[in-house]
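The values are calculated or read from the model by the stated rules, or taken from the named source; none is laboratory data. Keep in mind it's a predicted model, so treat the numbers as computed, not measured. So basically every Cβ, Gly included, is an ideal-geometry build from the backbone, and we count neighbours across all protein chains shown.
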Amino acid sequence: MGYDFDKPIQRTGTGSTKWDRYPSKDIIPMWVADMDFQAPEPVLRALRDRIEHGVFGYTGVSEELNNVVVDMLGRKYGWVVEPGWLVWLPGIVTGFNIVCRAVGQDGDDVMTTTPVYPPFLTAPKLSRRNLISVPLRSGDDGWRFDWDRLDHRCTPRSRLFMLCNPHNPVGRVYSRKELGRVVDFCMRHNMVICSDEIHCDLILDTDLHHTPIASLSPESSDRTITLMAPSKTFNVPGLGCGFAVISNPGLRIRFKKAMEGIVPHVNTLGLTSALAAYTNGWDWLTELLRYLRGNRDLVQQQLEALPGLQTWPVEATYLSWIDTRRLELNRPVTFFESFGVGLSDGKDFGTDGFLRLNFGCPRSLLTQALERLSRAVRTL
Ligand SMILES: Cc1ncc(COP(=O)(O)O)c(C=O)c1O
């Protein structure tokens, strides 16, 4: 079946977080990470059927859904997982806030690397932990871990390392070697790993593959809580459904205990969409990835041609990370908004002077946004 990713879909008036930010202004929203595409037809069909049934009582996770996920992890990533290791969640941000509460004690340290998806930076404090954030190194070889600084900043109270792989916002797909070093580092310092792998199905480089860090070895599995979801892959984040994979029984008990009385069941339609997506959404994903590669190349090509901006190859995700520091703007987000493009502020990701651009939209809209961006830079 051919999917039409070029088709513009009106999202204003649907309560969209992304589109409602600029209700009465001519600003193209390219910030929060959802795409302006309809979900796969098999997902839409399953939701229609479920709605037609008309009764929306409390809903549990079916054995079928658990088995579909276990099969998928084995087939796609060669990762052997047991159904009992899965803990379903209404959201991945919920998941890593729960991890922060489940690991260590009040006042312990949680480490992560910046720039990073903003809730990584707020979850430790919300969980009465201290955040230790260590900048990634950006060089000619792209964004890499800075091992010396990580070792140097680690404390005896560092209990948890929060990893984002593939990385939002720098778009890296970490190699097995890099992930092996993360595991060694966390073993040496006795830290649990929380690995947010929500973007794992959105690998744009055809010669790269996602490796779940927990799949590297029994030791890595034993100290890792992996978080995954159909939400980014199949563009259903508004349906609130994801899962943790925790092989270590002690960690799993602590995680479930921290959820008790606070985290609600996953909603019925979220579960319906997950089953349909993981069962019948893969052809759509193949076509989506082809389309996103085209968008990524267009962004790369146009931004590279502009003086004063730096970008990096986007190996995965539909997000471009842009260094605007050489433009010496006081407020980069406001500057580009005044030319009609709404971007995410790097400051929220722990790095001033950068912007994040979401290219998960029809090419016509992306082209228009890039023209505006280019006009803005050329006025300087
Ligand atoms: C790395 C990462 N983790 C988690 C989320 C959000 O997950 P959820 O909406 O399930 O809380 C996002 C959304 O942009 C993300 O990029």
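Here region 180-206 is the region considered, the condition is being in a loop (DSSP other than H, G, I, E, B) and farther than 24 Å from Phe5 by Cα, and the residue that is farthest from the ligand (Cβ to nearest atom) is Asn190.
Could you please find all residues in region 308-332 being more than 28 Å from Leu288 (Cα to Cα) and touching a strand residue (DSSP E or B) at 6+ places or on another chain (Cβ under 8 Å)?
Those that are more than 28 Å from Leu288 (Cα to Cα) and touching a strand residue (DSSP E or B) at 6+ places or on another chain (Cβ under 8 Å): Thr324, Arg325, Arg326, Pro332.
Residue by residue through region 340-380, note down the ones that are within 14 Å of Asp36 (Cβ to Cβ) and under 19 Å from the mean Cα position of the chain (by Cα).
Residues of region 340-380 within 14 Å of Asp36 (Cβ to Cβ): 342, 357-369.
Residues satisfying the conditions are Leu357, Asn358, Phe359, Gly360, Cys361.
Could you identify the single residue in Pro156, Pro115, Pro90 that is farther than 21 Å from Asp348 by Cα and touching a Gly at 6+ places or on another chain (Cβ under 7 Å)? Spell out how you get there, then give the answer.
Numbers: Pro156 fails: touching a Gly at 6+ places or on another chain (Cβ under 7 Å); Pro115 fails: farther than 21 Å from Asp348 by Cα.
Answer to the selection: Pro90.
Scanning region 105-150 for residues that are among the hydroxyl-bearing types (Ser, Thr, Tyr) and within 16 Å of the ligand (Cβ to nearest atom), we see that the one that is surrounded by the fewest Cβ atoms within 10 Å (Cβ to Cβ) is Thr122. Residues considered: Val32, Val80, Val93, Val69. Of these, the only one that is more than 18 Å from the chain's Cα centre (by Cα), within 16 Å of the ligand (Cβ to nearest atom) and not basic (Lys, Arg) is Val69.
Taking residues in region 160-180 that are farther than 13 Å from Ala214 by Cα and of a type in the set (Val, Ile, Thr), and partners anywhere that are more than 11 Å from the ligand (Cβ to nearest atom) and in a loop (DSSP other than H, G, I, E, B), the pairs with Cβ atoms closer than 8 Å and at least 6 places apart or on different chains are Val170/Pro115; Val170/Leu136; Val170/Trp312; Val173/Asp205; Val173/Leu208; Val173/His209; Val173/His210; Val173/Glu315. Would you please list the contacts, defined by Cβ atoms under 6 Å and residues six or more apart or on different chains, that run from a residue in region 131-158 that is outside any strand (DSSP E or B) to a residue that is among the aliphatic types (A, V, I, L, M)? Pairs that qualify, where the first residue is outside any strand (DSSP E or B) and the partner is among the aliphatic types (A, V, I, L, M), are Arg149/Val134; Leu150/Val134; Arg153/Ile132; Arg153/Val134. The C-beta contact set for region 300-321 (first residue over 25 Å from Thr379 (Cα atoms), second residue modelled with pLDDT under 95, distance under 7 angstrom, 6+ apart or interchain) comprises Pro313/Gly142.
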